[in-house]
Amino acid sequence: MERSLRGRVAVIGVGETTYYKHGQSPDPEFKLALKAILAACEDAGISPKQVDGFASYSNDRSDPSRLAAALGIDDLRFANMQWGGGGGGGSGAIGNAAAAIATGMAECVVVFRALAQGQFGRFGQGPQRNVIAGDTAHTVPYGLMSAGQTFAMKVQRFMHDHGVEQSALRAISLASYHHAQNNPRAVMYGRPLTEEKYDSSRWIVEPFHLFDCCLENDGAAAMVLVSAERAAEVGHAPCYLLGAVSGSHHRAGASVHNAPDYATSAFKTVAPRLYDMAGVGPNDVDVLQSYENFTGGVLMSIVEHGFCEPDGCNEFFVKDNLIAPEGQLPTNTSGGNLAECYMHGLGLNIEAVRQVRGASTNQVADADVSMVISGPMVTPVSCCIFGSEATL
Amino acid sequence: MSYLNPGLPKPVPAPDGLDAPFWAAAAEGVLKLQRCNACGRWQWGPEWICHHCLSDDLAFVEVEPRGRIYSYERVWHPVHPALKDQGPYLIVLVEFPDHDNARIVGNLLGDPEQEVTIGAPVRAVFEHHPDDEPAHTLVHWEMESVRGA
């Protein structure tokens, strides 16, 4: 048998809570997780008691045993965590869930992510203690301590190597905010962004302005996966998983910024494996959700997935190319992490499913091949491609 | 004098001792990186074995405290209370071309709004804090084009 996930598993339900600004959720994190899972099951038209597995990433705190107890599940068969922080594992968790279903380890797996920063503390802050030891002792005392500061160093070098101008980063932000204006779920709905507003916004860390940086939010997102055979029997037109892969290149995780190939989103070895499994190429992709921790990560990801040459960024990254429905590569059609919600990117996977269903608020016509790039630079990174029935 | 306002976490050797020789050397104004005694390959950050030949016979070896700027960033938004009134500051990633392109992180001394050129040669400036609790040393950088040290 061919060793591939292509077409063997489908997403039958997606669910999200209301998305809140960080610290503003009225519910604690575990309840948010439950609400998103219940919503996904309702969307799938199944009882939550049919769920027999959970997969998550980024050290999610909502423990599968406790979830199974809360939901009254009789037979928990799969409980999985993709290693790595941030959003690097979003599509990887979907791949893990799909692998469990394809191999008969589980029948119905929920992939989820829940975050309540008001309850557990914010991202983007440096450690406040007297001493520091280990890898970060070589960075933090120099004021290099946040994700933005860690990744700006890579993006600066990439922009230097390839003559990328600030306008390319700006276009990515403008596209996300453009899409959010049509998406009532988006935290930035009703708050459009202009070139002038971007240009005059404060620097966070060069080359990132305020609007190059993701939001910080509270909420939860979940999706329900079953085998392709079972998906054909339920609810929505199935959204099939064509491929999901994760990983990173040679010594990507070398400490103190020592990855030999440094100025990269870390997808150079990963993206070819995705296309190989999915049986498609970049020209087949109808719509893209590309994780924006920072716009520079989107830029390098899109290059490394073969949509644009590294030296062609200034021409490719213009707003009109990136917006639905007519853009060459409609990207982050929900508003994404910059303008919809920062749910460590699982919202991007849900938006990709919506595009295949024809249910996005920024729908691309005939979106049969719908791709997600998760957590650039946050190794191990991951990515996946969903497809409609027509792609099988 | 310190480049950044006081109050950031102070570096101490890892409890497992992995980078202790680096910090001990820095306190003496000496820059040391890790080199494999078996294959001669340099590496940084420190590891327990050589990533190339997998030998565990590793040494910390003094290098000339000169390198070139591989990348840099100018930070504006403070993410630590100690930096609230700091204003912009420069962080450089310094590469050692003669040592298998190992890199280390430090601050670039001088005007924080100066233009920074990737590839420019820099030399180390050791910022000692012998009276702090705990005592520690930071390794900063200045442009070779700046006269004197």
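Where a number appears in this text, it was derived from the coordinates with a stated rule and is not lab data. On a predicted model such as this, the values are computed, not experimentally measured, just so you know. FYI the Cβ positions are ideal-geometry reconstructions off the backbone, even for glycines, and counts take in every protein chain you see.
Looking at the stretch B:113-125 only, could you name the residues that are within 24 Å of B:Leu31 (Cα to Cα), not hydrophobic (A, V, I, L, M, F, W, C) and not in a strand (DSSP E or B)? Give the steps one after another, and end with the answer.
Residues of the stretch B:113-125 within 24 Å of B:Leu31 (Cα to Cα): B:116-125.
Next, only the ones that are not hydrophobic (A, V, I, L, M, F, W, C) stay: B:117, B:119, B:121, B:123.
Result: B:Thr117, B:Gly119.
Looking at the stretch A:265-279 only, could you name the residues that are among the hydroxyl-bearing types (Ser, Thr, Tyr) and buried (at least 24 other Cβ atoms within 10 Å of the Cβ)?
Within the stretch A:265-279, A:Ser265 is the sole residue that qualifies.
Test of understanding: among A:Met343, A:Met377, A:Met371, which residue is touching an Asp or Glu at 6+ places or on another chain (Cβ under 8 Å) and closer than 20 Å to A:Asn293 by Cα?
The match here is A:Met343.
Give, as residue ranges, the helices (runs of 4 or more DSSP H) completely inside the stretch A:298-392 that count at least 3 residues that are within 18 Å of the chain's Cα centre (by Cα) and among the aliphatic types (A, V, I, L, M).
Ranges flagged: A:346-357.
Which condition number in (1) facing another protein chain (nearest Cβ under 8 Å); (2) touching a strand residue (DSSP E or B) at 6+ places or on another chain (Cβ under 8 Å) is the one that B:Val79 fails?
(2)
Please specify each residue of the stretch A:328-337 satisfying the condition of being touching a residue at least 40 places away in the same chain (Cβ under 8 Å) and either more than 14 Å from A:Ser374 (Cα to Cα) or surrounded by fewer than 22 Cβ atoms within 10 Å (Cβ to Cβ) (or both).
Scanning the stretch A:328-337 gives A:Leu329, A:Pro330, A:Thr333, A:Ser334, A:Gly335.
In the stretch A:216-230, how many residues are farther than 18 Å from A:Asn96 by Cβ and either surrounded by fewer than 22 Cβ atoms within 10 Å (Cβ to Cβ) or of a type in the set (Asp, Glu) (or both)?
4
Any idea which residue in the stretch B:100-129 is nearest to the other protein chains (Cβ to nearest Cβ), counting only those that are over 20 Å from A:His257 (Cα atoms) and without any contact (Cβ under 8 Å) to a residue 24 or more places away in the chain?
B:Glu115
Report yes if some residue within the stretch A:99-117 is more than 7 Å from every other protein chain (Cβ to nearest Cβ), in a helix (DSSP H, G or I), surrounded by fewer than 21 Cβ atoms within 10 Å (Cβ to Cβ) and touching an Asp or Glu at 6+ places or on another chain (Cβ under 8 Å); otherwise report no.
Yes - at least one qualifying residue is present in the stretch A:99-117.
Restricting to the stretch B:87-99, what's the tally of residues that are crowded, with 18+ Cβ neighbours inside 10 Å and more than 8 Å from chain A (Cβ to nearest Cβ)?
Of the residues in that region, 6 qualify.
From the set of residues in the stretch B:1-29 that are within 7 Å of another protein chain (Cβ to nearest Cβ) and touching a Phe, Trp or Tyr at 6+ places or on another chain (Cβ under 7 Å), which is surrounded by the most Cβ atoms within 10 Å (Cβ to Cβ)?
Per the criteria, the residue is B:Pro11.
Would you confirm whether or not the stretch A:240-250 contains a residue that is over 30 Å from A:Ala106 (Cβ atoms) and surrounded by 17 or more Cβ atoms within 10 Å (Cβ to Cβ)? Break it down into steps so the answer makes sense when it comes.
Here is the first cut: in the stretch A:240-250, the residues over 30 Å from A:Ala106 (Cβ atoms) are A:249-250.
From what's left, surrounded by 17 or more Cβ atoms within 10 Å (Cβ to Cβ): A:249.
Looking for residues that are over 30 Å from A:Ala106 (Cβ atoms) and surrounded by 17 or more Cβ atoms within 10 Å (Cβ to Cβ), one finds at least one in the stretch A:240-250, hence yes.
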